[in-house]
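The values are calculated or read from the model by the stated rules, or taken from the named source; none is laboratory data. Predicted, not measured: the structure shown is a model, and the values here were computed from it. Glycine gets a Cβ as well: all are built from the backbone with ideal geometry, and neighbour counts include every protein chain shown.
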């Protein structure tokens, strides 16, 4: 027997640790590996041999790990570049040194590129000892092939409930008001769209469609004329016809070549006020909270994240299982149910699954019933979150120990 | 027998409806009044005779009302001015017309001024038929005399948990970063201070102390030098030594003569980046969500809010009980417990209870153990929130029916 390694990359979610917990639990039930290492801070830490031993994690720690938000093993935005051979050589050296047969990597499309690159490198160099397995996670829900991504359901649930709650709040006064809820979503509108499940959204602008201020303001005006109120949801990544971000001027750079966004909500507020379409606008930018509000995980989401980790572990018993990602497939049953399956990680790497055009209603007036039916089962159920004196219990990050 | 009226004013909270539910339930158990009217949109709607009949509310509706965020009866920011005699005359005319003996008014210090003004007017005019009873509510926790205010505990709980969760999130990357959490609190720092219960706050700036950028930046630099990270909490109302708001330039006016604040977090971010104290800052402005996130009510808070409504109803059986506010008194017991008491509303009206100087640590480095011990019991316990397919159940606002 040899060992395995599990590590996390990219932006955290509320349930990302459940996949790690699933790998650990699966190996306790069915010990394919002697040791389950946790690699700290993704590839960056693995290159520095920053490991913790998760093999004998207690049942209690495993349970609390599942409700602990944000990557308990730490994350990185370090991109493994194919031309940087030294990194590859070092990484395989480390895997050999610790006798690591399988590396599980949870992440988004950049991480699936890492899984692809490592398995390709191994193949090219005739290395058969090491396997690389991707586990999807992203609140953005923008990965190809998989029906949906662990992490999305919990973020969507927080957004739906916060939309409903802030809508109830802004309605208490009779005054004219536009409420603008800004969600994450650089290129994909899944999170913004999910707010529509609250049933109260008047207008939603997704990054998949061009932001036309004229059409937008006409629709806002219709709402204001009708009821003196308008509830708007915008994705951080919305763009004008010429491709510039509505939030332009606030972009920084995150090292992956993506713009770091923020401020679309405030930009929309200015557009509304400047045009005098409404007298008053309030903005709620959900920001970081939407991806880590683990006190309100979706039970479906956290359960799937855990089971996906178990499935990845089990599949890795196959010595040829490398360069693969474990995805979620929605079964064709009346009651919502899923099964897991495997796809080559390269089918997922560096692609983006957009919110479908045919699921958007014209003129930013919401999403179709089909879209709602797709998202609805993903936010269902509440796990019993362990609280201590009103504060959520959590596992101290392994990189802080 | 005659009737009573319950109405809501000022900013909503997550538990403000529980007080209304308490009044209704108390009258079902002990029918002092024939009819319990709900007045829509506070004084503004009462003047227009906008009433609903709450007398026979079902047990199920009562229960869901307790978990419904934001004023289900609507609110107003209409200030009853003593010189505006016509308003007073009209209001008493309406009370007579509907045979309303007691008016329960939930709100903050402006509302307690309304209770005071109405009871004084009645006294001056020899009117003995009508009684006016205030029920405190405010997330700001800034009312005098009462130990604390219903609504504060639930907002504090959301803040504490979101602080912990976003702290776990911003730590996953090794990069240098300052996280800035902005809370409500125009003049009182209770909400910002409550974030310290998470145990992760490095620096907290309250409106009760002058914001000195030099001292602040020195403390941020110490954190950055020590651990490359710094978690900062600021109240929206923080001010420079000359009294100008740190968020200056963004102030509007809300009709009560208070500045409408927002943007202290972003202003602090600019100060940090401009001074090159840190390379990267992220801001989370909790905005409206903190006062309406009823999926995470504190059980202590919502229970007290309900019981306070029952207590107010019971006390109003006394024909002389007018111009009073029902407050919360913390018992001198080892285990946290409270009792309700009455105080003249004028003792509360138009005052602000500040966060005590002696509870602040020097140089923005947090709050004392005494402060933590004061806040801690108020966030304890989780009610069984009724969810439907992952979305919180709520009572449709009465002003929308």
* (1) within 13 Å of chain B (Cβ to nearest Cβ); (2) within 29 Å of residue A:305 (Cβ to Cβ): which one isn't true of residue A:238, the others all being true? -> (1)
* If you scan the stretch A:377-394, which residues turn out to be crowded, with 20+ Cβ neighbours inside 10 Å and either modelled with pLDDT under 95 or assigned to a loop (DSSP other than H, G, I, E, B) (or both)? -> A:383, A:390, A:394
* **Matching residues, the stretch B:365-395, being within 20 Å of the chain's Cα centre (by Cα), within 20 Å of residue B:66 (Cβ to Cβ) and more than 10 Å from chain A (Cβ to nearest Cβ)** => B:383
* To do: Check off (1) at pLDDT 95 or above; (2) more than 10 Å from every other protein chain (Cβ to nearest Cβ); (3) under 22 Å from residue B:180 (Cα atoms) for residue B:310 and give me the number that stays unchecked.
  => (3)
* Would you check if there is a residue in the stretch B:33-45 being surrounded by 21 or more Cβ atoms within 10 Å (Cβ to Cβ), farther than 30 Å from residue B:184 by Cα, away from chain A (no Cβ under 14 Å) and touching a residue at least 40 places away in the same chain (Cβ under 8 Å)? => yes
* **Any chance residue B:100 is in contact with a helix residue (DSSP H, G or I) (Cβ under 9 Å, 6 or more places away or on another chain), surrounded by fewer than 22 Cβ atoms within 10 Å (Cβ to Cβ), at negative phi and outside the structural domain of residue B:207 (by TED's automatic domain parsing)** => no
* Mind telling me which of the residues B:300, B:348, B:283, B:326 ends up being within 14 Å of chain A (Cβ to nearest Cβ), over 25 Å from residue A:284 (Cα atoms) and touching a helix residue (DSSP H, G or I) at 6+ places or on another chain (Cβ under 8 Å)? => B:300
* Index of the failed condition, residue A:112 passing every other in (1) in contact with a strand residue (DSSP E or B) (Cβ under 6 Å, 6 or more places away or on another chain); (2) under 22 Å from residue A:399 (Cβ atoms) -> (2)
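Of the residues that sit in the stretch A:259-280 and are more than 23 Å from residue A:176 (Cα to Cα) and at the interface with chain B (Cβ under 10 Å from one of its Cβ atoms), which one is surrounded by the most Cβ atoms within 10 Å (Cβ to Cβ)?
Keep residues of the stretch A:259-280 that are more than 23 Å from residue A:176 (Cα to Cα), which gives A:259-262.
This time we only want the ones that are at the interface with chain B (Cβ under 10 Å from one of its Cβ atoms), so: A:260, A:262.
Details: A:260: 16, A:262: 20.
Within the stretch A:259-280, the match that is surrounded by the most Cβ atoms within 10 Å (Cβ to Cβ) is A:262.
Just to be sure, is residue A:354 out of contact with any helix residue (DSSP H, G or I) (no Cβ under 6 Å at 6 or more places or on another chain) and crowded, with 20+ Cβ neighbours inside 10 Å? Break it down into steps so the answer makes sense when it comes.
Values: out of contact with any helix residue (DSSP H, G or I) (no Cβ under 6 Å at 6 or more places or on another chain): yes; crowded, with 20+ Cβ neighbours inside 10 Å: no.
Here the answer is no, as residue A:354 does not meet what is asked.
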* Asked: Can residue A:33 be described as more than 23 Å from residue A:291 (Cα to Cα), in contact with a strand residue (DSSP E or B) (Cβ under 8 Å, 6 or more places away or on another chain) and either part of a loop (DSSP other than H, G, I, E, B) or not assigned by TED's automatic domain parsing to the domain that holds residue A:102 (or both)?
  -> yes
* Structure fact -> Of the listed residues (A:23, A:52, A:6), the one being in a helix (DSSP H, G or I) and in contact (Cβ under 8 Å) with a residue 24 or more places away in the chain is A:23
* Asked: What tally of residues in the stretch B:128-157 results from selecting those that are within 12 Å of chain A (Cβ to nearest Cβ) and surrounded by fewer than 24 Cβ atoms within 10 Å (Cβ to Cβ)?
  -> 0
* Evaluate the stretch B:61-80: report whether one residue or more is at negative phi, in contact with a strand residue (DSSP E or B) (Cβ under 6 Å, 6 or more places away or on another chain) and surrounded by fewer than 19 Cβ atoms within 10 Å (Cβ to Cβ). => no
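Residues to consider are B:146, B:106; find the one that is out of contact with any helix residue (DSSP H, G or I) (no Cβ under 6 Å at 6 or more places or on another chain), at pLDDT 95 or above, closer than 21 Å to residue B:300 by Cβ and not assigned by TED's automatic domain parsing to the domain that holds residue B:193. Steps first, answer last, please.
Working: B:106 fails: out of contact with any helix residue (DSSP H, G or I) (no Cβ under 6 Å at 6 or more places or on another chain).
Every option except B:146 fails the conditions.
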* Across the stretch B:359-392, what is the number of residues that are more than 24 Å from residue B:298 (Cα to Cα) and free of Cβ contacts under 8 Å to residues at least 12 places away in the same chain? -> 2
* If you check B:160, B:178, which single one turns out to be within 12 Å of chain A (Cβ to nearest Cβ) and crowded, with 24+ Cβ neighbours inside 10 Å? -> B:160
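Return the residues of the stretch B:55-74 that are assigned to a loop (DSSP other than H, G, I, E, B) and in contact (Cβ under 8 Å) with a residue 40 or more places away in the chain; say none if nothing qualifies. Show your work before the answer.
Step one: list which residues in the stretch B:55-74 are assigned to a loop (DSSP other than H, G, I, E, B), which gives B:55-58, B:68-74.
Residues satisfying the conditions are B:68, B:69, B:70, B:71, B:72, B:73, B:74.
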